[in-house]
1. Take the solvent-accessible surface of the protein heavy atoms, probe 1.4 Å, and return the percent of it on segment 226-383 that carbon and sulfur atoms account for.
2. Going by average Cβ density within 10 Å per residue, which order do the peptides 335-346, 182-193 take, highest to lowest?
3. Roll a 1.4 Å probe over the protein chains and send me the accessible area per residue for segment 56-183 in Å².
4. Picking from 109, 76, 131, whose Cα lies most toward the positive end of the charge dipole for segment 56-183 (charges on Cβ: Lys, Arg +1; Asp, Glu -1)?
5. In segment 240-275, which residues have a backbone nitrogen under 17 Å from the label point lying 7 Å from residue 229's Cα in the Cα-to-Cβ direction?
6. For segment 56-183, rounded, prolate or oblate, judged on the Cα gyration tensor with a ≥ b ≥ c (square roots of eigenvalues), a/c < 1.5 rounded, else prolate if a/b > b/c?
7. To the nearest 20 debye, what charge dipole does segment 56-183 have about its Cα centre, counting +1 at the Cβ of each Lys and Arg and -1 at the Cβ of each Asp and Glu?
8. So which trypsin sites (Lys or Arg not before Pro) in segment 289-326 are both in a DSSP loop and have at most 12 other Cβ atoms within 10 Å of their Cβ?
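The values are calculated or read from the model by the stated rules, or taken from the named source; none is laboratory data. These figures come from a predicted structure and were not determined experimentally. Neighbour counts run over all protein chains shown; Cβ positions are idealised from the backbone, glycine included. Side chains included, ligands, DNA and RNA excluded: accessible areas come from the protein's heavy atoms. Shrake-Rupley method; radii C 1.70, N 1.55, O 1.52, S 1.80 Å.
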Amino acid sequence: RCLLKMVKGNIIVPEEILNFCCNGLQGSTSPPRAQEPGEREEALGAMASPLPARNPTEVQMSQLVLPCHTNHRNELSTGQLLKWIDTAACLSAERHAGCPCVTASMDDIYFEHTISVGQVVNIKAKVNRAFNSSMEVGIQVNYEDLCSGKRCSICKAYATFVAQGPSGSKVRLKPLTPQTEEEKIEYSIAAERRRMRLVHKDTLKDLLTRSPPDTELETRDGSGAVPAEKTRVESVELVLPPHANHQGNTFGGQIMAWMENVATIAASRLCHAHPTLRAIEMFHFRGPSQVGDRLVLKAIVNNAFKNSMEVGVSAEAYGQEMSVSPRHINSAFMTFEVLDQEGRPRTLPMVAPEPGDGERRYREASARKKIRLDRKYVVSCKQTEVPLSVPWDQSNKVYLSYNNVSALKTLVAKANWTLAREKEKVRMYTLEEDKFLSFRIEMSVCITASQAFSLLSNLWRRHEWDSHYVSAELVQKVDDDDMIYYVVSRTHRQESKLQDFVILASRRKPCSKGDPYVVAFRSVTLPTHPPRAEYTRGETLCSGFCIWPESEEMSKVAYYNQAMPGYLNYVTTNVAGLSSDICATFEACEKFLLKNKEDLISRLQD
């Protein structure tokens, strides 16, 4: 017998056995000789099949769907899928942390298809970014039909995990270095998703405050409505060792599966049919539960819309003495549909909410639906699918800001930029892809990154260095990081008619060391500023500045702009003139920064 030790994925074979095997293959009867280090590496390299480099945190899981995993329709139970998703994501997080991790939250999950018996579920999870003690794990799920070879996406999810040391103490995580273009994009946008999670509750409260009370209750006919109380479900589960991880804490995926079960029962009581889970809204785990706990799960239909319903679910943990106050573990909101024989959503009966808390949940469900649609429309769409000018309002302000910054960060992380022109300090790059031609203009300036960020983020001063800008009026200060401007400018084509824009400017300071200062611009629509006859309404899909500190006194300032399809004909026929114009503009930008940095220092000191 020989012991093969696995260390970091490599098989370490005892030296004398390796020598014996090599000599035996050569037919040698001479005694084993000492092997040089180079020979050992060559032998081990010959044993290993060449594989492409892979993210060290990546975990792949493939599960064959068996009858024990399915519901009455022989389709994979969503609860079972959630358990697999959580397990794969946890293993990825622990690969990076090197210690036990627990699920802290899960972003919105939209289920695009169902999965049948005999098909294979493929799950890929990897850490997108590590913060101080938490990390974001991206999860992609698809199914594979083994007979036809067809593959189809099921869902994409983002989970947040927290690393835990002895006695549940938090562990400071090592930073993650992205390698590929895709990893760099996910790494950069992870900071924006984290910001969006933190303000999620405030968005709902803000929308409820601005919405007129009882509007929806008054406009709906109560005849034939199902009392919400009839959909109420309560169930208890005893946490056993198979339900827990190696720390003795209940798996987050197991809790989600139990919650999905009671939510499905509540939805069935409303429609008297078997519902299909379509979405789970972003939720957070409030605390852990352990082996031996009793989990009490409660569900009720909060509101029913024309073709969908929202079910609210909560999980509370008790010890052996259930008379003691419970510990709130989690709350979630799940959206269900009921499909007819052709797979189309059926019309659902209305819900009559209970007075008091029931009416509050009813109104909150309506607000969540609007936020959910805005978030899916703005955040989940590919950049090319989002309209150029999205109407701005209070309900979608967080998601438009997210889309604005993430679109610019995605452009920044792109590879294959080509140097088109270099004039003294100014370098101009281009990137051609699909329908878009993007520009990147960068220069090094003797100014701190924070000073450049402060000066360039104010559009009302841009006319001082950009001759195309005629005026910029601050229309609305959304918050400290987002502002809406009305801009009038000249065109590069020297047309007699001026252009006007309604632009959302979003600012971001670095999330951690190595991140740039970001100022992102995109067009939005405001009812107070409709198109005017004297101007041509212009639109910008993605543009802005990224500023990196190079030293204490030097910064790299880069401007990005994704040219619209209608602009490409002009660009291709006027490359020389355009590049000269751009370089001259950014030489003027450098002079503006140098001239105003001293005034900025004086104001900050005052």
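1. In segment 226-383, the share of accessible area belonging to carbon and sulfur is 51 percent.
2. Highest mean packing first, the order is 182-193, 335-346.
3. On a per-residue basis, 43 Å².
4. So the residue furthest toward the plus end is 131.
5. 270
6. Here segment 56-183 falls in the prolate category.
7. My answer is approximately 320 debye.
8. Loop-located and lightly packed - 306.
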